[in-house]
């Protein structure tokens, strides 16, 4: 599996209330949530993001509450992968559960800039900043996680394998 897109860059401690503000949690529809994704720190994100784009952040991305709305909003907004120095554990698991690829790679998270074009090979974990030509070694997904992501989430994976 591979992804390639334009980078949207954020800092440390981007919490789930910033990813999808609580005032919009009256819906669990991903497409509805996507309209408000990142609204409190990047008002233009929902109108600027394109399908396949990449999100890059620093430390502790996805901290805060345990709700799955945050990774769902990111995925439905069009983001194909989130790269960060570190992720909050519950966000990491929720992202995999809903089929949003995420990769921890401190060096890439620090050096990649907003607007860069980045490609990612999920099989090898190699992240390439096509703008600068620099490559980074991120953590590759184990085969079982790749199957969950390819199925667009854990529930779809379970349903596909129980038929």
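The values are calculated or read from the model by the stated rules, or taken from the named source; none is laboratory data. All values derive from a computational prediction rather than experimental measurement. All Cβ positions, even for glycine, are placed from backbone atoms using ideal geometry, and neighbour counts span all protein chains on display.
Quick rundown of the values:
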quantity	calculated
Number of positions in segment 97-129 that are surrounded by fewer than 19 Cβ atoms within 10 Å (Cβ to Cβ) and in contact with a helix residue (DSSP H, G or I) (Cβ under 8 Å, 6 or more places away or on another chain)	2
Matching residues, segment 147-158, being surrounded by 16 or more Cβ atoms within 10 Å (Cβ to Cβ), assigned to a helix (DSSP H, G or I) and either at positive phi or without any contact (Cβ under 8 Å) to a residue 24 or more places away in the chain (or both)	157
Search result, residues across segment 40-58 that are in contact with a helix residue (DSSP H, G or I) (Cβ under 8 Å, 6 or more places away or on another chain) and over 14 Å from residue 7 (Cβ atoms)	40, 41, 46
All positions within segment 132-146 that are within 22 Å of residue 76 (Cα to Cα) and either assigned to a loop (DSSP other than H, G, I, E, B) or modelled with pLDDT of 85 or more (or both)	141
Candidate set: segment 22-43, residues that are under 13 Å from residue 72 (Cα atoms) and crowded, with 18+ Cβ neighbours inside 10 Å; chosen: the one modelled with the lowest pLDDT	30
Restricting segment 130-144 to residues that are surrounded by 14 or more Cβ atoms within 10 Å (Cβ to Cβ) and within 18 Å of the chain's Cα centre (by Cα), the residue that is farthest from residue 94 (Cα to Cα)	136
Enumeration of residues in segment 64-79 that are at pLDDT 95 or above and surrounded by fewer than 21 Cβ atoms within 10 Å (Cβ to Cβ)	76, 78
